[in-house]
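The values are calculated or read from the model by the stated rules, or taken from the named source; none is laboratory data. None of these values were measured; they are calculated from a predicted model. Reconstructed Cβ throughout: ideal geometry from the backbone, glycine too, with neighbour counts over all protein chains shown.
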């Protein structure tokens, strides 16, 4: 599996996701600069990492979504290539039109960093095959604007098409008590129509080692690695 | 427009914070009246913050050397060798006054400034910590200040991309009008790739990097006067505005440029901006500096030389480059979208020459700007010694269980989760131990080394006895590092005090420094960087003397780091260190009896060291299953914290001293640790070993259940304790109390 991680000015979790991908696949991902116009030949997975691209000025992800490299990302997604946006990467994906909806300020109006439980949705996707359906996993969240909002038709479509990838929940799986930021239906991550683009606010890349919080994030990277490995 | 050549009046001198005799010294040094720009430069270099004129004499006594120290005080940050060719670069600095005026930006730029100090030396920041002191919770400004400071620290650090891994937050009415915001940054560099401020070579280009220069931060309170400004331009805020995004780009661009070998010297523009950075680079390298201000990237038009030299606009750097490397360097900065301009060169004249529009605006001797700064031996008096309070003279009005619940839910002890959940403490994926423990534990890269990081001081003790309080702050940092399995290596000290022109406050400074020095010397724990913040007072009343100690320790194998959570039921709890039940200046006395009198607990440094070595051995050989250092709140609070961290309860069955139970439970005797071991047999072996080594040790109880039981009292459910511990701060911030 060939993966590429894009660095925008202000990206700051690119190293974390590079480490997670390297760990899972044994191969270091390629680093792509936001001014590049193309992706390396043969790229299977493009990752938009967490951070504060352009300082979150204007709107989170709004400026980065206009970067030259985003045309290449859109073309890659259109061909069915895998795209993963984490945190600020998710914000960039919704700003660039690759995923629907918006990420508003957290309901509590404060930045939140903590360990957070998620309920895994379907497991027949390139990103979640290593998990079991409704599995409760513990990963990190670290965001000020992760409150997922979309119009009722979009929410209905996401729900009926099985495109909610992860929901926030508590340790017992309660998505109402465990919703940290006010997201509609406790949505923590969503897929594109063809399930090849995933945007999520939580950080599975920070949960890949027993020593540092746990290993519940490994499943996502194992899934994408296995997916292309099998193809 | 201000004119550069104006008559220097006594008023003008006073407005620049210079004393008449200091002005006489200037006249003698340069042999003529200074220009306005020159006066500004002197006032920037000779103020307390930059010159340490009140503290320098006393700081000289601090131990600063050890075989592992690569760079002690005097550079942007201290540097120690942590093995494997790696160095840890760290420093703590205050941003107290700006944070009181404008809490968000004040705190944010405090974090930005200290991060810059660390990456200026070629280190990539891997962690920040902070120490915050606010006024009484019921003071009308406190809630607003807490909210703004926390948001500012988070807003800057989170965006920059460094985990905020630890800190401490306290409340006391003596900070009502003068809060403290101390921020510490820690970075990692290769030992052979450390960058310094010292310029070398004549005729080398001086390069300006980063954000543009604006009129923010010019000369703080002294120079906002319109009297010098014929056009009566609007007054600008004196607090700088931070841009963490620009700082992140500056970090990446600087580290990338350093890799090319183009950098001879580098200095960030912090306090006193362009002035201080240029003078330091020249003075350290015995070189002159000539700057052409027409080349400086400016945010606003028509800035005068005076304004440009004193601006404290953030996210700026000054470098001396190797000749011929300019193009390569410029390409890197353009890639990162930052300003890059060659604004001058080094000379062999030892003069600091500032030109603008072809005119010389300042021409000063560069060495003297730094070296000849006033140095004061200010009069000081020693704080009168307080009587030692005998434990059996202080009765407890409440049950010990009630006292414990009250303490755990009091502002100083209550969980600070509300604060640290607003800080990204998980980014970089190396935060082995989360906030809330003894010291934060951060893995270095992919290991095996880790760092133990802590910030400590007990201002109540420093007020009661500055010497013992200074000692205690260092000893507590030492203890916190030991408790997580680290080897204490070095400290950074952030000395926050009142007005040094008052002998009683000057005395606090002098004796705290002596106490710090005594502890550092005995514990082999040198000071490698620091910062002094004086004049922290409002309406003539100073803050509590608060010498914050930022401690750094090395953990050889971070997978073996220790923590404070009980590990299993039925384990034996051992108390290491001597307990007599010291209630003077204790948290119990303040919280339960509303008294802050009495002498604070003395620190016996020899015992401190011996007990630490004993605990380290128990961690290293795998005997200890959990370790917690004891500080304020004493043994009962320590056991409660271990229980809450694990969800496993405990029963305290035996108390170590013969005095009153509340004194044994809440006394703050120093040099102590709580350690758990697996079973009774192990406990007996450890006790025998301790006695053989002349280490005081007591078996005090056993872990288990979902309650905490104090001797002869009803069990307290952990839920009750947790509720008390977790509720106060969120409820207070929501305005519910």
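Quick look at the numbers
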| item | result |
| --- | --- |
| Condition met for residue A:219 (away from chain B (no Cβ under 14 Å) and assigned to a loop (DSSP other than H, G, I, E, B)) | no |
| Positions within segment B:163-192 being at pLDDT 95 or above, touching a helix residue (DSSP H, G or I) at 6+ places or on another chain (Cβ under 7 Å) and either within 14 Å of another protein chain (Cβ to nearest Cβ) or more than 23 Å from residue B:477 (Cα to Cα) (or both), in sequence order | B:164 |
| Residue in segment B:384-394 that is nearest to residue B:717 (Cα to Cα), counting only those that are part of a loop (DSSP other than H, G, I, E, B) and free of Cβ contacts under 8 Å to residues at least 40 places away in the same chain | B:390 |
| Strands (runs of 3 or more DSSP E) completely within segment A:73-121 that count 3 or more residues being away from chain B (no Cβ under 14 Å) and within 14 Å of the chain's Cα centre (by Cα) | A:82-86 |
| Residue A:171, sole failed condition from (1) surrounded by fewer than 16 Cβ atoms within 10 Å (Cβ to Cβ); (2) within 14 Å of chain B (Cβ to nearest Cβ); (3) outside any loop (DSSP other than H, G, I, E, B) | (3) |
| Among (1) over 26 Å from residue A:52 (Cβ atoms); (2) surrounded by fewer than 21 Cβ atoms within 10 Å (Cβ to Cβ) - the single one residue A:163 does not satisfy | (2) |
| Residue list for segment B:484-504, restricted to those being within 14 Å of the chain's Cα centre (by Cα) and either under 17 Å from residue B:74 (Cβ atoms) or part of a loop (DSSP other than H, G, I, E, B) (or both) | B:490, B:491, B:492, B:493, B:494, B:495, B:497 |
| Residues within segment B:407-418 that are within 14 Å of chain A (Cβ to nearest Cβ) and out of contact with any strand residue (DSSP E or B) (no Cβ under 6 Å at 6 or more places or on another chain), tallied | 3 |
| Among the residues listed as B:412, B:438, the single one being crowded, with 24+ Cβ neighbours inside 10 Å and over 30 Å from residue B:22 (Cα atoms) | B:438 |
| Those residues of segment B:683-708 which are out of contact with any strand residue (DSSP E or B) (no Cβ under 8 Å at 6 or more places or on another chain) and on the phi < 0 side of the Ramachandran plot, in sequence order | B:684, B:685, B:688, B:689, B:692, B:693 |
| In segment B:135-147, the residues that are more than 10 Å from every other protein chain (Cβ to nearest Cβ) and either without any contact (Cβ under 8 Å) to a residue 24 or more places away in the chain or within 12 Å of residue B:419 (Cβ to Cβ) (or both) | B:138, B:140, B:146 |
| Residue selected from segment B:626-650 under the condition within 21 Å of residue B:520 (Cα to Cα) and touching a strand residue (DSSP E or B) at 6+ places or on another chain (Cβ under 7 Å), by the criterion surrounded by the most Cβ atoms within 10 Å (Cβ to Cβ) | B:629 |
| Options B:372, B:315: the member that is in contact with a helix residue (DSSP H, G or I) (Cβ under 9 Å, 6 or more places away or on another chain), within 14 Å of chain A (Cβ to nearest Cβ) and under 30 Å from residue B:56 (Cβ atoms) | B:315 |
| Residues (within 14 Å of chain A (Cβ to nearest Cβ) and under 17 Å from residue B:422 (Cβ atoms)) located in segment B:113-134 | B:127, B:128 |
| For residue B:423: the one exception among (1) under 20 Å from the mean Cα position of the chain (by Cα); (2) within 11 Å of chain A (Cβ to nearest Cβ); (3) surrounded by fewer than 24 Cβ atoms within 10 Å (Cβ to Cβ) | (3) |
| Selected residue [in contact with a strand residue (DSSP E or B) (Cβ under 6 Å, 6 or more places away or on another chain) and either more than 27 Å from residue B:445 (Cβ to Cβ) or touching a residue at least 60 places away in the same chain (Cβ under 8 Å) (or both)] from B:99, B:54, B:43 | B:99 |
| Unmet criterion (only one of (1) modelled with pLDDT of 95 or more; (2) closer than 30 Å to residue B:52 by Cα; (3) out of contact with any strand residue (DSSP E or B) (no Cβ under 8 Å at 6 or more places or on another chain)) for residue B:585 | (2) |
| Subset of segment B:400-437 (residues that are touching a helix residue (DSSP H, G or I) at 6+ places or on another chain (Cβ under 6 Å) and part of a loop (DSSP other than H, G, I, E, B)) | B:409, B:410, B:413, B:414, B:415, B:422, B:423, B:424, B:426, B:429, B:435 |
| Residues of segment B:61-76 that turn out to be modelled with pLDDT under 95 and in contact with a helix residue (DSSP H, G or I) (Cβ under 7 Å, 6 or more places away or on another chain), as a count | 2 |
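This table checks each residue for (1) more than 21 Å from the chain's Cα centre (by Cα); (2) part of a loop (DSSP other than H, G, I, E, B).
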position	(1), (2)
B:506	no, no
B:509	no, no
B:525	no, yes
B:529	no, no
B:552	no, no
B:559	yes, no
B:565	yes, yes
B:573	yes, no
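Table: residues versus (1) farther than 23 Å from residue B:565 by Cβ; (2) in contact (Cβ under 8 Å) with a residue 24 or more places away in the chain; (3) surrounded by fewer than 23 Cβ atoms within 10 Å (Cβ to Cβ).
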| residue | (1), (2), (3) |
| --- | --- |
| B:587 | no, yes, yes |
| B:599 | yes, yes, yes |
| B:602 | yes, yes, yes |
| B:624 | no, yes, no |
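To keep it simple, each residue is scored yes or no on (1) surrounded by fewer than 24 Cβ atoms within 10 Å (Cβ to Cβ); (2) within 12 Å of another protein chain (Cβ to nearest Cβ); (3) more than 16 Å from residue A:220 (Cβ to Cβ).
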position: A:1; (1), (2), (3): yes, no, no
position: A:7; (1), (2), (3): yes, yes, yes
position: A:10; (1), (2), (3): no, yes, yes
position: A:15; (1), (2), (3): yes, yes, yes
position: A:32; (1), (2), (3): yes, no, yes
position: A:37; (1), (2), (3): yes, no, yes
position: A:48; (1), (2), (3): no, no, no
position: A:56; (1), (2), (3): yes, yes, yes
